[in-house]
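Here's the structure we're looking at; comments come further down.
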Amino acid sequence: MTVVMRERISLLHRYISDISKQITLRKLIEEITPPIIARLIWLVRRLTVSYQGYSGVYSSFKECWKQNRELLSKSGSFNNPAFARLSLQNTKDALAKPFWSVKENCATVKLVSLLSLELGRKGSIKILDFGGGVGIHYALCQRYLRNPQIDYTVLDLPEVVSRGKEFFSDTKDIHFTDSMPSPKRTKFDMIILSSVLHYIDDYRKLLKDITSGYNPDILFLSRLPAGEIPDFVTMQTIPEASFPAHCFNYTKLRDFCLSLNYTVEDSWEEPESYELYDKERRYTIPHYKGMILRRIE
């Protein structure tokens, strides 16, 4: 039975790897669309209320704040009721939709496959989801792994945590906190950082602190705006707020993670990509990326 499960999981990994390399309709349209039309579409999107994207190229969070202080001060941050409601709705939507239609399904399948393997090895697992919103990854893992032995802690901002505690009020194996658990009292087998690392100004310090403090066996990083591009900072805008965000040179980020005594067990590209214009120069963020890092014994 164990051999069969491993073969199925291996097949699933290969399927994900193959399908992520396929040309999507969006990529095809981008290839055949004249640059002037692409630029006009980009400008129209910026003028719409629902626009989500990046603007400006900066050397640091400090410079981004300096150039956009008025907008960033007025727009709020992740710790606001509108973003908390969005996080809750994303969790509800993910639970209501078929697996293959869930946003971020590539990363979700990777996570579910990884947890299936780890639970098979250990029987139970303790997880910290840094910036985990209203427990979307916990909900999906419970849905597809059917009551796994997972002790799950979500760390997020107070507004989001409040929604999470309310939504999962009758659930015993998920906990919400708005402050870092004490490393002296709590150890985690896995730490998830999904769609969060690029919003941390000193992300290197964060990675050092959590790996040295909690000594997790696995780091699961996903939805990283990264590619073979220079490191830079931009401003990301969503309907609920605007905030600085890193765009990573993938190789440099990976090598830094390796320096923390981890090895890359798996990596992948996610289908989304973005472009922005700054002083008439076009910048492309080729893909969101993901990595599974395992601690070297």
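Rule-based calculations on the coordinates, nothing more; no lab input. It should be emphasised that the depicted structure is a prediction, and the values quoted were computed from it without experimental measurement. Positions of Cβ are backbone-derived with ideal geometry, glycine not excepted, and every protein chain shown enters the neighbour counts.
For a modelled paramagnetic label at residue 89, 7 Å from Cα along Cα-to-Cβ, the residues of the stretch 237-258 in reach, with backbone nitrogen under 19 Å, are 237-243. Take the Cα of residue 79, go 7 Å toward its beta carbon, and the backbone nitrogen atoms of the stretch 176-199 under 18 Å from that spot belong to 176-182, 196-197, 199. Could you grab the relative contact order for the stretch 110-195? Cα pairs under 8 Å, six or more apart, rounded to a whole percent. With pairs under 8 Å counted, the relative contact order is 37 percent. Using θ = phi - 60° in the Karplus curve 6.51 cos²θ - 1.76 cosθ + 1.60, the 3J(HN,Hα) couplings for the stretch 195-202 round to 6, 9, 4, 6, 8, 9, 4, 9 Hz; x is entered for Gly and Pro. Along the axis of the charge dipole computed for the stretch 127-230 (Cβ charges of +1 for Lys and Arg, -1 for Asp and Glu, origin at the Cα centre), the listed residues 213, 157, 168 are led at the positive end by 213. Of the cross-linked pairs 126/184; 62/187; 126/208, which ones have a Cα-Cα span greater than 27 Å in the structure shown? Checking Cα-Cα distances, 62/187 exceed 27 Å. For residue 294, what charge total do you get from the other residues with a beta carbon under 13 Å from its beta carbon, if Lys and Arg give +1 and Asp and Glu give -1? Once all neighbours under 13 Å are counted, the net charge is -4. Each residue, residue 229 and residue 272, gets one label point 7 Å from its Cα in the Cβ direction; the gap between the two is 1.3 nm.
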